[in-house]
Amino acid sequence: MKKLLFALAFFSLAISHSGCKKSKCTNVSCYNGGTCDENTGQCKCTANFTGASCSEVNGDTVAYLIMKFHFDSTMTRLDNFGNPTSMPSGHAGQHPDFKGLSQHYIELAQSAYTQLGTGVILYHAPETTIGGANAIDFEQNAIVKNDSVFFKIPLKSVAPGTYEYVRVSLAYQNYEVKFLLDTSINVGGTNYPIKQEFPCNVASFVGFNTYIKNYTLHNQSVTVNGNRLQGYWGAESYGTIYGYPFDQVNTGQTPAGSTTVVNPLFSTSPIPAGSCVATAKFEPGKLVVTGNETKSVVVNVSVSTNKSFEWNDIVPDGKWEPAKGENVVDMGIRGIKPVIQ
């Protein structure tokens with residue numbers, strides 16, 4: 001009995017002592033995937049973050065630089081040089097209904113003459129050589145929805161300065177478009193005409209090169225286990241025909257160099273061919289960082305989806321008909337507009 005009482009007393013003392021132990025993570029805020037170690041109070045950063053520590057003490061009172069994506073089909077449709085452009089002759093396009101977007105790289109540029117990579121790099125997503133050449137690791141790419149935060153960092157972790165432009169390298173897009181099937185099928189000697197539009201979920205890879213294990217469309221997944229260059233896409237069309245379910249997956253590759261990447265600074269700070277670094281000037285003025293900010297700064301990065309899904313319109317009706325050989329030629333977004341709130 002004495003041994004039992006002693007054991008219970010020791011157990012009670014141990015619980016009481018552990019309850020008084022203060023966590024070293026109480027006033028530590030980890031961001032960009034960082035996790036706090038209870039024993040050291042330090043944040044362990046992931047490969048998703050470069051440029052500064054991923055931890056901040058007293059995180060509830062920190063002023064952040066916060067960036068959000070907003071998809072907008074009413075924005076001006078721009079070309080590679082940032083000029084308004086119309087649809088080329090013989091082509092047609094749709095405003096995709098965006099479901100998600102991911103970025104690969106974020107940089108602040110002080111001026112139009114700041115060369116790519118020499119500004120302040122805020123973010124660089126994980127890359128891998130598993131597929132051979134260096135490529136974006138799609139499995140570790142964070143995909144965000146409309147009006148969602150895609151990046152957040154304490155302002156005091158950003159080098160003080162005045163920044164006129166932001167560069168955002170896009171990696172992956174997921175959206176819905178419409179697909180027209182205009183044909184007939186023969187069943188038991190009878191032709192049944194089909195002229196019907198179907199919804200089509202598209203996975204669009206616009207980064208310079210992407211290592212993909214697999215990706216998911218509307219209902220089906222596609223296994224790749226390899227690298228795919230800029231312009232690779234997969235699409236799942238679905239619906240019903242004469243009351244029977246219809247579901248079909250196709251994959252393709254746009255021509256090299258055909259993906260629109262808007263950079264109005266092409267003459268002063270060009271970007272490498274095959275990259276997807278969209279560049280734009282901050283509005284309504286420059287982004288000024290002192291390091292002493294007490295309030296967060298939100299930047300709404302509007303993305304122009306104005307007929308950003310483009311194909312060769314062989315049957316000149318403005319409908320996408322891949323069965324008629326209407327190949328996708330461009331999936332690049334048509335400009336960004338970073339507005340400081």
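The values are calculated or read from the model by the stated rules, or taken from the named source; none is laboratory data. Worth saying up front: this structure is predicted, and the values here are computed from it rather than measured. Quick reminder, even Gly has a Cβ in these numbers, built from the backbone with ideal geometry, and neighbours come from all protein chains shown.
Of all residues assigned to segment 215-224, at least one qualifies as being in contact (Cβ under 8 Å) with a residue 60 or more places away in the chain and within 19 Å of the chain's Cα centre (by Cα). Of all the residues in segment 202-228, those that are assigned to a strand (DSSP E or B) and not polar (S, T, N, Q) number 11. Scanning segment 250-268 for residues that are closer than 25 Å to C200 by Cβ and either among the aromatic types (F, W, Y) or outside any loop (DSSP other than H, G, I, E, B) (or both) turns up N250, T251, G252, Q253. Check whether at least one residue in segment 308-329 is at pLDDT 95 or above, in contact with a strand residue (DSSP E or B) (Cβ under 8 Å, 6 or more places away or on another chain), of a type in the set (V, I, T) and not in a loop (DSSP other than H, G, I, E, B), and report yes or no. Scanning segment 308-329 turns up at least one residue that is at pLDDT 95 or above, in contact with a strand residue (DSSP E or B) (Cβ under 8 Å, 6 or more places away or on another chain), of a type in the set (V, I, T) and not in a loop (DSSP other than H, G, I, E, B). The single condition from (1) buried (at least 21 other Cβ atoms within 10 Å of the Cβ); (2) of a type in the set (A, V, I, L, M, F, W, C); (3) more than 22 Å from T260 (Cα to Cα) that L101 fails is (3). The residue that is surrounded by the most Cβ atoms within 10 Å (Cβ to Cβ), among those in segment 186-200 that are touching a residue at least 24 places away in the same chain (Cβ under 8 Å) and not charged (D, E, K, R), is C200. Can you pull out every residue in segment 100-128 that is within 22 Å of Q173 (Cα to Cα) and assigned to a loop (DSSP other than H, G, I, E, B)? A125, P126, listed by residue number.
Scanning segment 291-307 for residues that are in a loop (DSSP other than H, G, I, E, B), farther than 23 Å from W233 by Cα, polar (S, T, N, Q) and in contact with a strand residue (DSSP E or B) (Cβ under 9 Å, 6 or more places away or on another chain) returns a single hit, S296.
Take I271 and decide whether it is assigned by TED's automatic domain parsing to the domain that holds V120, in contact with a helix residue (DSSP H, G or I) (Cβ under 9 Å, 6 or more places away or on another chain), among the aliphatic types (A, V, I, L, M) and in a loop (DSSP other than H, G, I, E, B). Judged against the criteria, I271 is not a match.
Taking (1) within 30 Å of Y113 (Cα to Cα); (2) under 20 Å from the mean Cα position of the chain (by Cα); (3) surrounded by fewer than 21 Cβ atoms within 10 Å (Cβ to Cβ) in turn, V206 satisfies each apart from (3). Close Cβ contacts (under 6 Å, 6 or more residues apart or on different chains) running from residues in segment 53-82 that are modelled with pLDDT of 70 or more to residues that are part of a strand (DSSP E or B) and acidic (D, E) comprise V62/E56. Can you tell me which residues in segment 282-341 are more than 14 Å from F179 (Cα to Cα) and of a type in the set (D, E)? Across segment 282-341, the qualifying residues are E283, E293, D330. The set of residues from segment 222-268 being polar (S, T, N, Q) and out of contact with any Ser or Thr (no Cβ under 8 Å at 6 or more places or on another chain) comprises T223, N225, S237, T240, T251, Q253, T254, S258, T259, S267, T268.
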